[in-house]
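These notes concern the structure reproduced below.
The values are calculated or read from the model by the stated rules, or taken from the named source; none is laboratory data. None of these values were measured; they are calculated from a predicted model. So basically every Cβ, Gly included, is an ideal-geometry build from the backbone, and we count neighbours across all protein chains shown.
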Amino acid sequence: MAEQKLFAGAAVRRIRRSNGLTQTAMAEVLAVSPSYLNLIERNQRPLTAAILLRLAERFDFDARSLTGATPGGGVEALRRRLADPLFADLNLDKLQLEDWIAAAPDAAEAFARAFDRLSGAGSAQEADAIAAVRAEIERWRNHFADLDAQAEALADELRLANPDLYGAVAERLRVKHQLSIRILPVDVLPDRLKRLDLHARQLQLSELLDPASRTFAAAAELANLEARGEIDGLVKGADFAERASERFYRRHLTSYFAAALMMPYARFLRACEGTGYDIELLQRRFGAGFEQVAHRLTTLQRVGARGLPFFMLRIDRAGQSSKRYAGASASPLVESDARCPLWRLHTAFDRPGHLVKDMVELESGSRWFTIARTVQPQAGREGSIRAEFAVGLGLDASLAAPLAAARGIDLAAGEATPIGLGCRACTRPDCPQRSAPPAGRVLVFNERERGLTPFVWAGE
């Protein structure tokens with residue numbers, strides 16, 4: 001709690017009102033001035049550890065309740081809902097929404113739930129097994145401390161026996177679990193990358209897998225055998241409504257353990273800080289692929305040893321996302337299902353294997369430093385279809401100074417690409433790339449003029 005600022009004005013106000021206290025009376029109980037308490041309730045000052053302790057002692061509540069999710073998903077999520085044509089005549093700006101969340105958080109959450117249910121968004125999301133899993137992952141900020149600690153201890157143990165991780169994992173599987181690894185030709189495994197043959201006691205891997213992927217597959221099998229108890233507990237605690245969600249979540253946790261075994265937390269974080277989060281160097285040092293390292297960067301949230309709060313996004317050429325991890329970044333670039341074509345993430349496909357850097361600025365004024373590169377999950381036979389994705393990593397520009405990739409870039413005031421969260425959620429005028437008008441705006445037509453875009457709306 002001491003490592004990050006905790007703004008919980010709405011929660012403090014609820015505690016005060018539920019106990020029938022004025023600001024002056026509560027300030028006296030907390031040993032602060034009424035003006036300081038007023039600033040706390042307006043989220044202009046964070047809660048200190050001392051005040052938090054007094055609150056817990058005097059008013060008998062669980063301090064963890066102050067760190068819950070932002071009502072309604074936060075300002076950006078509420079803005080997307082209010083872009084519906086139903087609210088087109090209202091002029092609700094960011095400041096009003098911030099005040100609403102601060103003053104009436106339960107009302108903001110109630111509005112969000114009602115809107116989602118009436119629009120069908122809520123029921124569709126509940127029916128989507130992947131969306132349910134993603135929500136659970138983000139609830140943990142994609143950091144599972146117990147899994148990380150277990151994987152790190154196992155990695156240290158294996159390293160003592162054999163500095164080659166793949167060899168050490170293979171030996172562990174053979175000796176402790178009577179499971180051998182066998183690399184098979186693509187003709188034998190024509191449509192599989194791996195197969196567990198319990199009858200033959202073999203983990204069979206396709207020759208199509210590169211060394212990093214083979215190590216990852218072996219480490220994942222070790223996770224199934226030695227971290228099952230912890231993974232079972234996390235899956236049970238998620239309390240999913242759908243069996244498919246449990247399967248997807250279990251797969252994610254297994255992969256998480258495998259990545260943590262390949263890139264043990266403390267060693268990986270030291271390497272990140274020592275290299276300026278140089279992904280290519282990290283790949284070579286830990287024998288991992290670009291996507292594996294990128295995903296690992298979103299998980300570095302150990303208490304007392306936090307890394308930078310990255311988000312990660314993986315898209316195909318059509319812009320469809322197949323992986324999204326916000327981690328601790330809270331970036332709207334991950335939350336939005338739509339993306340702006342001006343974001344250079346999409347141009348990574350034009351330069352396969354090269355790192356593409358971009359500084360982007362949203363309508364809210366927030367600036368994000370992003371890097372992207374194409375990846376091909378596995379090789380293929382000549383003439384076969386080969387998958388290709390662009391993996392993007394992003395970070396709040398104000399935190400990006402330690403990055404090797406950001407050296408020489410003016411992160412505070414340098415040139416930035418003005419982007420939106422998809423055309424329907426973007427109100428930037430005169431964008432030549434615009435493919436649709438913003439939702440909820442009344443279109444205006446003037447036959448005597450033609451702008452950069454065919455869409456002109458009232459209030460522009």
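Quick look at the numbers
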quantity: Filter result (modelled with pLDDT under 95 and surrounded by fewer than 15 Cβ atoms within 10 Å (Cβ to Cβ)) within segment 353-380; calculated: GLY353, SER364, GLY365, GLN378, ALA379, GLY380
quantity: Pick from segment 108-149, criterion among the aromatic types (Phe, Trp, Tyr) and assigned to a helix (DSSP H, G or I), ranking: modelled with the lowest pLDDT; calculated: PHE115
quantity: Some residue of segment 302-317 being in contact with a Cys (Cβ under 9 Å, 6 or more places away or on another chain), part of a helix (DSSP H, G or I) and at pLDDT 95 or above; calculated: no
quantity: Selection status of ALA266, buried (at least 18 other Cβ atoms within 10 Å of the Cβ), out of contact with any His (no Cβ under 8 Å at 6 or more places or on another chain), under 29 Å from PRO163 (Cβ atoms) and not aromatic (Phe, Trp, Tyr); calculated: no
quantity: Residue that is assigned by TED's automatic domain parsing to the domain that holds GLN292 and either touching a residue at least 24 places away in the same chain (Cβ under 8 Å) or within 22 Å of GLU291 (Cβ to Cβ) (or both), where the choices are ALA217, ALA200; calculated: ALA217
quantity: Residue check, ALA328 within 23 Å of TYR256 (Cα to Cα) and at pLDDT below 95; calculated: yes
quantity: Sole residue being outside the structural domain of GLU280 (by TED's automatic domain parsing), outside any strand (DSSP E or B) and touching a residue at least 40 places away in the same chain (Cβ under 8 Å), chosen from ARG386, ARG339; calculated: ARG339
quantity: Of all residues making up segment 150-208, the number that are surrounded by 14 or more Cβ atoms within 10 Å (Cβ to Cβ), among the aliphatic types (A, V, I, L, M) and not in a strand (DSSP E or B); calculated: 14
quantity: Residue satisfying all of: in segment 92-110; among the aliphatic types (A, V, I, L, M) and surrounded by fewer than 17 Cβ atoms within 10 Å (Cβ to Cβ); farthest from VAL12 (Cα to Cα) among these; calculated: LEU92
